[in-house]
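A.B. asks: This is the structure I have questions about; it appears just below.
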Amino acid sequence: RDLHSFPTRRSSDLVVVVQGIKTATCSAYELYQINNEPLPKAGDYSIILDSNNEAVCIVKTKKVYVTEYNQVSTDHAFKEGEGDRSLEYWRMVHENFLINELASVHRSFDEHTKVVCEEFEVVYKPD
């Protein structure tokens, strides 16, 4: 994968990535299957783009694993760097995100929906 963008490309997401607060993300596993895309893998580099398709940094994937939504750990939720960084907050935000992501391909969400969890680190950011 060469390009990686956050679902909404919110500037707040980009800031926490560049600052090293957000070091993880997730997406619906089913979308990789439907789009016949390979899962990200450790060692991949991705260019993070803003809403103007301008590069804001480059990240290197450190870890990728597939788990059920209801098995996502407090550690992963913390690494996503959102809200108060709790698992409860993560679930609140990501349930809506996954419902919408899956609805776009006429699929449904439940507690057992598989998600791809990815951990990364910023390896380059322009001055």
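A.B. asks: It is to be established whether one or more residues within region 78-88 are assigned to a strand (DSSP E or B) and among the basic types (Lys, Arg). Quick ask: steps written out before the conclusion?
C.D. replies: Here is the first cut: in region 78-88, the residues assigned to a strand (DSSP E or B) are none.
Within region 78-88, not a single residue is assigned to a strand (DSSP E or B) and among the basic types (Lys, Arg).
A.B. asks: Enumerate the pairs (first residue in region 48-63 and farther than 10 Å from Glu121 by Cα; second residue anywhere and open to solvent by 100 Å² or more (accessible area, probe 1.4 Å) and polar (S, T, N, Q)) with beta-carbon separation below 7 Å, excluding pairs fewer than 6 apart on the same chain, so at least 6 apart or on different chains.
C.D. replies: Going by the 7 Å Cβ cut-off, there are no qualifying pairs.
A.B. asks: Take the conditions open to solvent by less than 70 Å² (accessible area, probe 1.4 Å) and either modelled with pLDDT under 95 or in contact with a Lys or Arg (Cβ under 9 Å, 6 or more places away or on another chain) (or both) and apply them to Glu68. Does it pass? Please lay out each step first, then the result.
C.D. replies: Details: open to solvent by less than 70 Å² (accessible area, probe 1.4 Å): yes; either modelled with pLDDT under 95 or in contact with a Lys or Arg (Cβ under 9 Å, 6 or more places away or on another chain) (or both): yes.
Spelling it out, Glu68 is indeed open to solvent by less than 70 Å² (accessible area, probe 1.4 Å) and either modelled with pLDDT under 95 or in contact with a Lys or Arg (Cβ under 9 Å, 6 or more places away or on another chain) (or both).
A.B. asks: A further question follows. Counting only residues that are aliphatic (A, V, I, L, M) and surrounded by 15 or more Cβ atoms within 10 Å (Cβ to Cβ), which one in region 88-127 is farthest from Lys41 (Cα to Cα)?
C.D. replies: The selected residue is Ile99.
A.B. asks: Given the conditions (1) within 22 Å of Lys125 (Cα to Cα); (2) crowded, with 16+ Cβ neighbours inside 10 Å; (3) under 14 Å from the mean Cα position of the chain (by Cα), and given that Ser27 satisfies all but one, which numbered condition is not satisfied?
C.D. replies: It fails just one condition, (1).
A.B. asks: Answer yes or no: is there a residue in region 18-39 that is among the aliphatic types (A, V, I, L, M), part of a helix (DSSP H, G or I) and farther than 24 Å from Glu111 by Cβ.
C.D. replies: Within region 18-39 (the criterion being among the aliphatic types (A, V, I, L, M), part of a helix (DSSP H, G or I) and farther than 24 Å from Glu111 by Cβ), the answer is yes, since at least one residue qualifies.
A.B. asks: Residues of region 81-93 being in contact with a Phe, Trp or Tyr (Cβ under 9 Å, 6 or more places away or on another chain) and at pLDDT below 95, which ones?
C.D. replies: The answer is Glu82, Gly83.
A.B. asks: Take region 71-98 and flag every residue that is under 15 Å from Tyr29 (Cβ atoms) and either without any contact (Cβ under 8 Å) to a residue 24 or more places away in the chain or out of contact with any Cys (no Cβ under 8 Å at 6 or more places or on another chain) (or both).
C.D. replies: Gln71, Phe97, Leu98
A.B. asks: Can I ask one more? Would you be able to say whether some residue in region 97-115 is aliphatic (A, V, I, L, M) and not in a helix (DSSP H, G or I)?
C.D. replies: yes
The values are calculated or read from the model by the stated rules, or taken from the named source; none is laboratory data. The structure displayed is predicted, hence computed values, not measured ones. Heads up, the Cβs are rebuilt from the backbone with ideal geometry, glycines too, and the neighbour counts pull from every protein chain shown. The accessibility values were calculated without ligands, DNA or RNA, using every heavy atom of the protein model including side chains. Shrake-Rupley method; radii C 1.70, N 1.55, O 1.52, S 1.80 Å.
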